[in-house]
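Let me begin by presenting the structure, written as C-alpha cells, before commenting on it.
No lab work stands behind these numbers, since they all come straight from the coordinates. Remember, predicted model here, so these are calculated numbers, not experimental data. Counting neighbours? That spans all protein chains shown, and the Cβs are built from the backbone with ideal geometry, glycine included.
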Amino acid sequence: MKYAILVNKKRCTGCWTCSMACKVAHDLQPNEWWLTVRTIGSGAGIDEPAGQWPNCTMSWQPVYSKKCMHCADRVAEGEEPHCVYNCPTHALSFGNLDDASSAISKRMDDLINRGYRIYKLPKWEGTRHNIYYADI
Ligand code: SF4
Ligand code: SF4
C-alpha cells in the first residue's frame, strides 16, 4: 500500500477549509497546524497577488507537516482523511498509488494525460512524505 494525497493546484482556492477540518478533527491547540495553505503570490502577505493590475496572479499550495498521519484511524474505517473529505472544490484526492484502479491513480493519470506535471516538495522543506501536487 502506498497511501498518498494528490493536490490539484488548479482547483485550490486557498479557503483553508482543509486546514480547519484537520485542526478541529484532531483537537489541535490554537497555534498548532498539521496542514497550512501557502499563498503563491507576491510573498508580501496571505492574500497579496503578484504582478501589476490587471496582470495579477495568485495561487495556493496546501502544505502537509510531518505531524500529519493521513488520518489513519479514519482510513482504517474506509473513510477519506478529514482534509480531503471537506475540501469544497475537490482539489484533494486520497488513496493507494500502488493500485492502478484506485481513484487517486486514475485522477493522476487523467491529469498527466491533460498535460499536468506531477511533483513533490523538496526534502529540505521537511514536509509529509507521499504528498503529490499537480499543476499545469
Ligand atoms: S485544498 Fe481545498 S480546502 Fe484546502 S485550501 Fe484548497 S480549496 Fe480550500
Ligand atoms: S490527512 Fe488527516 S492528519 Fe493529515 S492533514 Fe489531512 S486531516 Fe490532518
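Observations on the structure shown:
Residue-by-condition table, conditions (1) closer than 17 Å to GLY14 by Cα; (2) away from ligand 2 (no atom under 12 Å from the Cβ):
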| position | (1), (2) |
| --- | --- |
| VAL37 | yes, no |
| GLU48 | yes, yes |
| SER59 | yes, yes |
| ASN86 | yes, no |
| ASP98 | no, yes |
| SER105 | no, yes |
| ASN113 | no, yes |
| LYS123 | no, yes |
| ASP135 | yes, yes |
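- Test: SER65 is farther than 18 Å from TYR133 by Cβ, more than 9 Å from ligand 1 (Cβ to nearest atom) and hydroxyl-bearing (Ser, Thr, Tyr): no
- Restricted to the range 19-136, the set of strands (runs of 3 or more DSSP E) holding at least 3 residues that are touching a residue at least 40 places away in the same chain (Cβ under 8 Å) and touching a helix residue (DSSP H, G or I) at 6+ places or on another chain (Cβ under 8 Å) comprises 92-96.
- Some residue of the range 47-55 being under 24 Å from LYS123 (Cα atoms) and of a type outside the set (Asp, Glu): no
- Which numbered condition CYS12 misses (of (1) in contact (Cβ under 8 Å) with a residue 60 or more places away in the chain; (2) near ligand 2 (Cβ under 10 Å from one of its atoms)): (2)
- Residue that is surrounded by the most Cβ atoms within 10 Å (Cβ to Cβ), among those in the range 73-94 that are among the aliphatic types (A, V, I, L, M) and closer than 17 Å to ILE131 by Cα: VAL84
- Checked against the criterion of being within 16 Å of ligand 1 (Cβ to nearest atom) and under 16 Å from VAL7 (Cα atoms), the range 73-81 has at least one qualifying residue.
- Filtering the range 82-99 to residues that are in contact with a Lys or Arg (Cβ under 8 Å, 6 or more places away or on another chain) and away from ligand 1 (no atom under 16 Å from the Cβ) leaves ASN96, LEU97, ASP98.
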